[in-house]
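Working notes, structure below.
The values are calculated or read from the model by the stated rules, or taken from the named source; none is laboratory data. The structure presented is a predicted model; accordingly, all values stated were derived computationally and were not measured. Here Cβ is always computed from backbone atoms with ideal geometry, including for glycine, and neighbour counts include all displayed protein chains.
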Amino acid sequence: MSFLNSPWLTSLDAANHDLRDQGLVRQLKLRSTPNAPVVRINGEQFLSFCSNDYLGLSNHPLLKQAMSEGADLYGVGSGASALISGHTTAHQILENKLAQTQSLHIPNVGACLMNTGFMANIALMTALGSLGAISIYSDELNHASLIDGVRMAKAQSQASVFIYPHNDIKTLQSKMEQDQNPLKIIVTDSVFSMDGDLAPLHELTQIAESHQALLYVDDAHGFGIFGINGHGRLEHLNISSPNIIYMGTLGKAVGVSGAFISANQIWIDWLIQKSRPVIYSTTPSPAIAHTILKSIELIESKEGQSRRKNLFDLIEYWRQNAHFHQWKCLPSTSAIQPIIIGSNEEALQVAEQLRQSNIWVPAIRPPTVPKNTARLRVTLNADHTQEQVQTLIDQLIRIERTFR
């Protein structure tokens, strides 16, 4: 039998047809310029509102200089996992600094550098799952990486999993009161990546402490942005608890790549012993670690404070001026400003009309978001101008009229 007629290709063809029928086919776009408000995509120039580079640091001259310095000092590759030979002075200095950013919020804090936020969430959940049959309470709008981490922990340890309604404190409290398992953990995004809204971290911390539970906070879209020093939402809310395990990413507001987990040093030590992504993955490049350190110093500086002010001024400008008749803007106070369109087809059409006006805002569709909530996910950048934001608003208002 020819491979062209094999059952594998028959199944693949049917699955691809199904994606096309549902308007769920995705395609890579080729960007040939650095992250910026104006980029070149597939050879065309666009005003971009879709990057998570919230502070505009990924092309900052000081970070490019730091990358070069790091390569000169340590080379460009780690050569092995951290436990073999990949842990360098650059990594240790960075981890000390990352721990310091959360030192007012977590006692005896340590930090563990990871290759990605996705890897960090899987690493943490599976390491905790190795301790036994735990009870996991996870917000229904958590990121896919948290969902997968919870699933892997469940498969590993026969954990019980309760998915609580989004930010529903009363239901969470009620369910935890009925749970006799002493090993409980609440898992939540801090800033929800598709809606842009914020988790009630004060209330979640209180619930965790009252049940002697852990609280795992994924602050991927908050670290670098919130707090007077950009240290994230724990700093912003002045929260301190020994029950918190914190994750921040380094490829969004920080502008580089990677992620870290901060927690009491006992948990960091356990990650090193039991986390397969830590044990078996090549350590991130030491040149990147050196660059991240420079970025955090920049975030803490007056320039970083100025960039955060510019960003939050733009967020407020958007909230005051982006109003539509049919489409719904969600009440977000973060850099993520979703516009709910509804159908996959209409969201794709709106994105295409924006593209024809040289504005890049991709349509977000299921399974990334719930069915019938396809949307445009507008993300604002500290380097955008009010004029650029107004250009996007004007074009969206014009496009919406064509759907009436």
Exercise. Can you tell me which residues in the range 123-140 are part of a loop (DSSP other than H, G, I, E, B) and either surrounded by 21 or more Cβ atoms within 10 Å (Cβ to Cβ) or not assigned by TED's automatic domain parsing to the domain that holds Gln212 (or both)?
Worked result: Ile134
Seminar exercise, completed: Of the conditions (1) farther than 25 Å from Leu98 by Cβ; (2) modelled with pLDDT of 95 or more, the single one that Gly149 does not satisfy is (1)
Problem set entry | Matching option when the condition is in a helix (DSSP H, G or I), in contact with a Lys or Arg (Cβ under 7 Å, 6 or more places away or on another chain) and of a type in the set (A, V, I, L, M), among Ile340, Ile296 | Ile296
For this session: Spot the failing condition for Met247; the list is (1) assigned by TED's automatic domain parsing to the domain that holds Thr205; (2) more than 14 Å from the chain's Cα centre (by Cα), and only one is missed.
Result: (2)
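From the list Gln173, Gln178, Gln156, which one is polar (S, T, N, Q), touching a helix residue (DSSP H, G or I) at 6+ places or on another chain (Cβ under 6 Å) and over 22 Å from Ile272 (Cβ atoms)?
Of the residues listed, the single one that is polar (S, T, N, Q), touching a helix residue (DSSP H, G or I) at 6+ places or on another chain (Cβ under 6 Å) and over 22 Å from Ile272 (Cβ atoms) is Gln173.
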Problem set entry | Enumeration of residues in the range 347-393 that are of a type in the set (Gly, Ala, Ser) and either touching an Asp or Glu at 6+ places or on another chain (Cβ under 6 Å) or farther than 24 Å from Lys252 by Cα (or both) | Ala347, Ser357
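Any residue in the range 190-208 that is touching a residue at least 40 places away in the same chain (Cβ under 8 Å) and polar (S, T, N, Q)?
Scanning the range 190-208 turns up at least one residue that is touching a residue at least 40 places away in the same chain (Cβ under 8 Å) and polar (S, T, N, Q).
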For this session: List the number of the failed condition for Leu47; all other conditions in (1) out of contact with any helix residue (DSSP H, G or I) (no Cβ under 9 Å at 6 or more places or on another chain); (2) modelled with pLDDT of 95 or more; (3) assigned by TED's automatic domain parsing to the domain that holds His384 hold.
Result: (1)
Seminar exercise, completed: Looking across the range 291-335 at residues that are of a type outside the set (Gly, Ala, Ser), touching a strand residue (DSSP E or B) at 6+ places or on another chain (Cβ under 6 Å) and touching a residue at least 12 places away in the same chain (Cβ under 8 Å), the single one that is nearest to His221 (Cα to Cα) is Leu330
For this session: Please find, within the range 38-76, the residue that is surrounded by the most Cβ atoms within 10 Å (Cβ to Cβ) out of those that are among the charged types (D, E, K, R) and not in a helix (DSSP H, G or I).
Result: Asp53
Seminar exercise, completed: Expected output for the range 254-276 (first residue under 15 Å from Gln100 (Cα atoms), partner surrounded by fewer than 18 Cβ atoms within 10 Å (Cβ to Cβ), Cβ below 8 Å, 6+ apart or cross-chain) is Asn264/Pro107; Asn264/Asn108; Asn264/Pro242; Gln265/Asn108
For this session: Could you look through the range 209-225, keep only residues that are in contact (Cβ under 8 Å) with a residue 40 or more places away in the chain and outside any loop (DSSP other than H, G, I, E, B), and pick out the one that is surrounded by the fewest Cβ atoms within 10 Å (Cβ to Cβ)?
Result: Leu214
Seminar exercise, completed: Phe162: passes all of (1) touching a Phe, Trp or Tyr at 6+ places or on another chain (Cβ under 6 Å); (2) within 30 Å of Leu94 (Cβ to Cβ) but (2)
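Just checking, does the range 29-36 include any residue being small (Gly, Ala, Ser), modelled with pLDDT of 95 or more, farther than 15 Å from Val361 by Cβ and assigned to a loop (DSSP other than H, G, I, E, B)?
No, the range 29-36 has no match at all.
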For this session: Within the range 309-330, identify whether any single residue is surrounded by fewer than 22 Cβ atoms within 10 Å (Cβ to Cβ), outside any helix (DSSP H, G or I) and of a type in the set (Ser, Thr, Tyr), and answer yes or no.
Result: no
Exercise. Taking Leu24, is it of a type outside the set (Ser, Thr, Tyr), assigned to a loop (DSSP other than H, G, I, E, B) and either in contact with a Lys or Arg (Cβ under 7 Å, 6 or more places away or on another chain) or at pLDDT below 95 (or both)?
Worked result: yes
For this session: Look at Ile340 and say whether it is aliphatic (A, V, I, L, M), touching a residue at least 24 places away in the same chain (Cβ under 8 Å), surrounded by fewer than 21 Cβ atoms within 10 Å (Cβ to Cβ) and over 18 Å from Tyr54 (Cα atoms).
Result: yes
